1. Compute the helix-to-body angle for 12-27: its Cα long axis versus the longest principal axis of the chain, expressed 0 to 90° and rounded to tens.
2. Computed FRET efficiency, Cβ-Cβ of GLN23 and ILE46, R0 25 Å: what is it to the nearest 0.05?
3. Can you run phi through the Karplus equation (6.51, -1.76, 1.60; θ = phi - 60°) for the range 40-54 and list ³J(HN,Hα) in whole Hz, with x for Gly and Pro?
Amino acid sequence: MLSNNHMRKLETNATVFYSKMIQEIVDGLDGEFPKTLSLDDQGRFIIGYYQMNQKLYTSNKKDERTE
């Protein structure tokens, strides 16, 4: 996988985290990568991508103003 080149540059904890995330995604594909996606599937993919991206970069700490 091309991602292995990038993973070598990460700290050990980050490597484990992203390796588990990649494995979870690949497991959901049942061993096959789709060659193309329907328009509906493309929409689901991009929404999921942005939701995951936002989750990765959002702080886990509670906002003190909301308490």
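The numbers here are math on the coordinates, done by the rules we state, and not lab data. Please read these numbers as outputs of a predicted model, since none were measured by experiment. Positions of Cβ are generated from backbone atoms using ideal geometry, with glycine treated the same way; all protein chains shown enter the neighbour counts.
1. Relative to the chain, helix 12-27 is tipped by roughly 40 degrees.
2. The value I calculate is 0.70.
3. Using θ = phi - 60°, the values come out as 4, 5, 4, x, 4, 4, 5, 5, x, 4, 5, 5, 5, 4, 5 Hz.
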